[in-house]
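A short write-up of the structure that comes next.
The values are calculated or read from the model by the stated rules, or taken from the named source; none is laboratory data. Predicted, not measured: the structure shown is a model, and the values here were computed from it. Positions of Cβ are backbone-derived with ideal geometry, glycine not excepted, and every protein chain shown enters the neighbour counts.
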Amino acid sequence: MTVVRFAPSPTGHLHVGNARTALINWLFARKQQGSFILRFDDTDTERSKREFVEGIRQDLSWLGIDWDREESQSKRMDRYRDAADALKDKGLLYPCYETPEELEFKRKRLRAQHKPPIYDRAALKLSSVERSKLEDAGRKPHWRFRLAHKDVVWSDLVRGDCRYNTANISDPVVIREDGTFLYLLPSVVDDIDHGVTHIIRGEDHVTNGAVQLEMMDAVLPGVLVQFAHVPLLAGAAGEGLSKRFGSLSLGELRDKGLEPLGVTSLLAHLGSSEAIDVFSDMAAMIADFDLSCFGRA
Ligand code: GLU
């Protein structure tokens, strides 16, 4: 069965770009009689707010998007810790002790040499004595995932054949010094545990896609997921949309008196090869939906 997820961080209100990602996932799931998960990526406990969780639920409901299951990452910390421990045992997560200033200095030096600012893996060369010394001096480690430095290839349902060599990326930090998780590992663990079959999201996540495929294979070898990275919407001057882009928040569109079906009709075809049409209802929109129309080719 097809399983998709829409995974907002509840750190702000939904803007039309997020809503479009939610809608495309929902239309895809409903067309395939699959399941749509609303997942709150709320591992950042300082910035995630209850009011935004409620706001996102309200905005989706207003649009006519329903969900079959709701998940919150903040409730699954033990599971992520177990997954991280397993990766540590395999040597795929390694402790690093550089301060932000030291890392910035390294990056500056590389840029001055016209080299890409990729992390040099100095922490991998530390002996256990050196590590103990750092810890005794009060340094706490952050943990990076050790990329395989190989070509990761996938057939993206929107972008076609993708190839990305992970030697071109810094080993990503997955656990901060205070023990909290960044986005990558919880997302991979959830996508596996929840049986997600298709990850449909904005193309700003393409590089993450390569990292996540490697990480997925490390967490559960052989697991299969399909990606679809959809071109992003931009403002009139080409600028990206953000949660602070207040005028394009769904709440504002609602307050202006726009009809939800007008908004979803527009979003369902914006950036695709299809003409913009107003649908009579969501069922008609589902029947019409075709993910391949978002292709770049
Ligand atoms: N929380 C992530 C975001 O909002 C989810 C990205 C994803 O779909 O994997 O960007």
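Residue-wise test of (1) free of Cβ contacts under 8 Å to residues at least 60 places away in the same chain; (2) away from the ligand (no atom under 16 Å from the Cβ); (3) closer than 19 Å to ARG121 by Cβ.
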residue: ASP136; (1), (2), (3): yes, yes, no
residue: LEU157; (1), (2), (3): no, no, no
residue: ASP161; (1), (2), (3): yes, yes, no
residue: ILE169; (1), (2), (3): yes, yes, yes
residue: THR180; (1), (2), (3): no, no, no
Within region 50-158, helices (runs of 4 or more DSSP H) holding 1 or more residues that are under 22 Å from the mean Cα position of the chain (by Cα) and polar (S, T, N, Q): 50-63
Which numbered condition VAL174 fails, given (1) aliphatic (A, V, I, L, M); (2) more than 21 Å from GLU104 (Cα to Cα); (3) outside any helix (DSSP H, G or I): (2)
Residue list for region 38-49, restricted to those being within 14 Å of the ligand (Cβ to nearest atom) and either assigned to a helix (DSSP H, G or I) or farther than 28 Å from LEU261 by Cα (or both): ASP42, THR43, ASP44, ARG47, SER48
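Look through region 190-201, keep the residues that are in contact (Cβ under 8 Å) with a residue 40 or more places away in the chain and more than 12 Å from the ligand (Cβ to nearest atom), and return whichever of them is nearest to PRO8 (Cα to Cα).
Residues of region 190-201 in contact (Cβ under 8 Å) with a residue 40 or more places away in the chain: 190-191, 193-201.
Now narrow it down to the ones that are more than 12 Å from the ligand (Cβ to nearest atom): 193-195, 197.
Details: ASP193: 18, HIS194: 16, GLY195: 18, THR197: 18 Å.
Among residues in region 190-201 that are in contact (Cβ under 8 Å) with a residue 40 or more places away in the chain and more than 12 Å from the ligand (Cβ to nearest atom), the one nearest to PRO8 (Cα to Cα) is HIS194.
Taking ASP42, is it within 23 Å of ALA234 (Cα to Cα), of a type in the set (D, E, K, R) and buried (at least 17 other Cβ atoms within 10 Å of the Cβ)? So that I can check it myself, show each step before the final result.
Values: within 23 Å of ALA234 (Cα to Cα): no; of a type in the set (D, E, K, R): yes; buried (at least 17 other Cβ atoms within 10 Å of the Cβ): yes.
It is false that ASP42 is within 23 Å of ALA234 (Cα to Cα), of a type in the set (D, E, K, R) and buried (at least 17 other Cβ atoms within 10 Å of the Cβ).
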Residue within region 23-31 that is among the β-branched types (Val, Ile, Thr), more than 11 Å from the ligand (Cβ to nearest atom) and surrounded by 20 or more Cβ atoms within 10 Å (Cβ to Cβ) present: yes
First in region 104-121 and without any contact (Cβ under 8 Å) to a residue 24 or more places away in the chain and farther than 20 Å from ARG146 by Cα, second anywhere and of a type in the set (Ser, Thr, Tyr) and assigned to a loop (DSSP other than H, G, I, E, B), Cβ under 7 Å, 6 or more apart: none
Any hit, region 67-87, residues being surrounded by 17 or more Cβ atoms within 10 Å (Cβ to Cβ), over 25 Å from THR180 (Cβ atoms) and modelled with pLDDT of 95 or more: yes
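Out of curiosity, is ALA7 within 16 Å of the ligand (Cβ to nearest atom) and hydrophobic (A, V, I, L, M, F, W, C)?
Working: within 16 Å of the ligand (Cβ to nearest atom): yes; hydrophobic (A, V, I, L, M, F, W, C): yes.
Against the criterion (within 16 Å of the ligand (Cβ to nearest atom) and hydrophobic (A, V, I, L, M, F, W, C)), ALA7 qualifies.
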Residue identified as acidic (Asp, Glu) and modelled with pLDDT of 90 or more among GLU252, GLU274, GLU214: GLU214
